[in-house]
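Below: the structure, in structure tokens.
The values are calculated or read from the model by the stated rules, or taken from the named source; none is laboratory data. If you're wondering where the values come from, they're calculated on a predicted model, not measured in any experiment. Cβ atoms come from the backbone with ideal geometry, glycine included; neighbour counts cover every protein chain shown.
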């Protein structure tokens, strides 16, 4: 009898120690994320002046499906940093980003949802169903999920969704009491992170290295700044309304929302404070303003 009681006590102590260790690990991970957030926010603020419109929409208690346009590879980073104080976001990202060690750590810490690459002949036809279920689960838990409806960087001064189905599938199966927020991002068309820089898809890691070099070449604090606008708008009612029609109509609704302010001209900000204004030309292979 005494042996049984002693065994139970030992087992309880082991379990308590294990729980304490797990809690300590979670606390350390949370602290690491916060330290990195402060550091990276400072770094981004040296190069980008971010103006947020409608940020109060992020303070409501319900889960939110956030749908931004996609001008460059840097806008998801800016979005992640700027929404951190509002509870952060669960990003839906291409699986290739999970293969980059440092980025993989933060994506996992944020609970990011990976989706297969959209390439002809190399696409998991079940990925939409799996992604939808994962996103719905996060939304039911009251989390904010961000997905880019276009699924790719824009190649012109307006946003085009074409025939993409991710956002349509999600809004068509939205859990109750979930808010849909559209985000108009502007100011990054012409950045080295966008196709407007040289007409090509920017290589993520090479562009990252280049961005770090630019920052240090400007002694960090003297880097010329680019103004970026993030405009959050509650589009829940219309999003649900158009999701009950068909994918084409829904995507056209999103395009009209993103392109409300018309064609955005590429803005080339000089990279070094000691050089004159940039004279870079718009790539000839990209579409120009037809209006």
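Pick out the one residue from 188, 206, 230 that is at pLDDT 95 or above, touching a helix residue (DSSP H, G or I) at 6+ places or on another chain (Cβ under 6 Å) and under 30 Å from residue 273 (Cα atoms).
Testing whether each residue is at pLDDT 95 or above, touching a helix residue (DSSP H, G or I) at 6+ places or on another chain (Cβ under 6 Å) and under 30 Å from residue 273 (Cα atoms) leaves just 188.
Search region 218-241 for residues being without any contact (Cβ under 8 Å) to a residue 40 or more places away in the chain and assigned to a helix (DSSP H, G or I), and hand back the single one that is surrounded by the most Cβ atoms within 10 Å (Cβ to Cβ).
Step by step, filter region 218-241, then rank; the result is 238.
Please work out which one of (1) on the phi < 0 side of the Ramachandran plot; (2) in contact (Cβ under 8 Å) with a residue 24 or more places away in the chain is the condition residue 87 fails and give its number.
The one condition residue 87 does not meet is (1).
Can you pull out every residue in region 258-291 that is closer than 22 Å to residue 185 by Cα and touching a helix residue (DSSP H, G or I) at 6+ places or on another chain (Cβ under 8 Å)?
271
Can residue 211 be described as touching a helix residue (DSSP H, G or I) at 6+ places or on another chain (Cβ under 9 Å), closer than 17 Å to residue 75 by Cα, touching a residue at least 12 places away in the same chain (Cβ under 8 Å) and in a helix (DSSP H, G or I)?
Against the criterion (touching a helix residue (DSSP H, G or I) at 6+ places or on another chain (Cβ under 9 Å), closer than 17 Å to residue 75 by Cα, touching a residue at least 12 places away in the same chain (Cβ under 8 Å) and in a helix (DSSP H, G or I)), residue 211 qualifies.
Just one of (1) under 16 Å from the mean Cα position of the chain (by Cα); (2) surrounded by fewer than 18 Cβ atoms within 10 Å (Cβ to Cβ); (3) free of Cβ contacts under 8 Å to residues at least 60 places away in the same chain trips up residue 204, so point out which.
Looking at each condition in turn, residue 204 falls short on (3).
Taking interchain pairs and intrachain pairs at least six residues apart, which have beta carbon atoms under 7 angstrom, with the first residue in region 35-64 and free of Cβ contacts under 8 Å to residues at least 24 places away in the same chain and the second in a helix (DSSP H, G or I) and surrounded by 12 or more Cβ atoms within 10 Å (Cβ to Cβ)?
none
So residue 257 ticks every box in (1) out of contact with any strand residue (DSSP E or B) (no Cβ under 6 Å at 6 or more places or on another chain); (2) surrounded by 14 or more Cβ atoms within 10 Å (Cβ to Cβ) but one. Which box is left unticked?
(1)
Somewhere in region 258-280, is a residue under 30 Å from residue 171 (Cα atoms) and part of a helix (DSSP H, G or I)?
yes
Yes or no, residue by residue, for (1) assigned to a helix (DSSP H, G or I); (2) within 17 Å of the chain's Cα centre (by Cα); (3) modelled with pLDDT of 75 or more:
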residue	(1), (2), (3)
26	yes, no, no
30	yes, no, no
34	yes, no, yes
46	yes, no, yes
66	no, yes, yes
80	yes, yes, yes
84	yes, yes, yes
93	no, yes, yes
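Restricted to region 170-193, and to residues that are under 15 Å from the mean Cα position of the chain (by Cα) and assigned to a loop (DSSP other than H, G, I, E, B), which residue is surrounded by the most Cβ atoms within 10 Å (Cβ to Cβ)?
188
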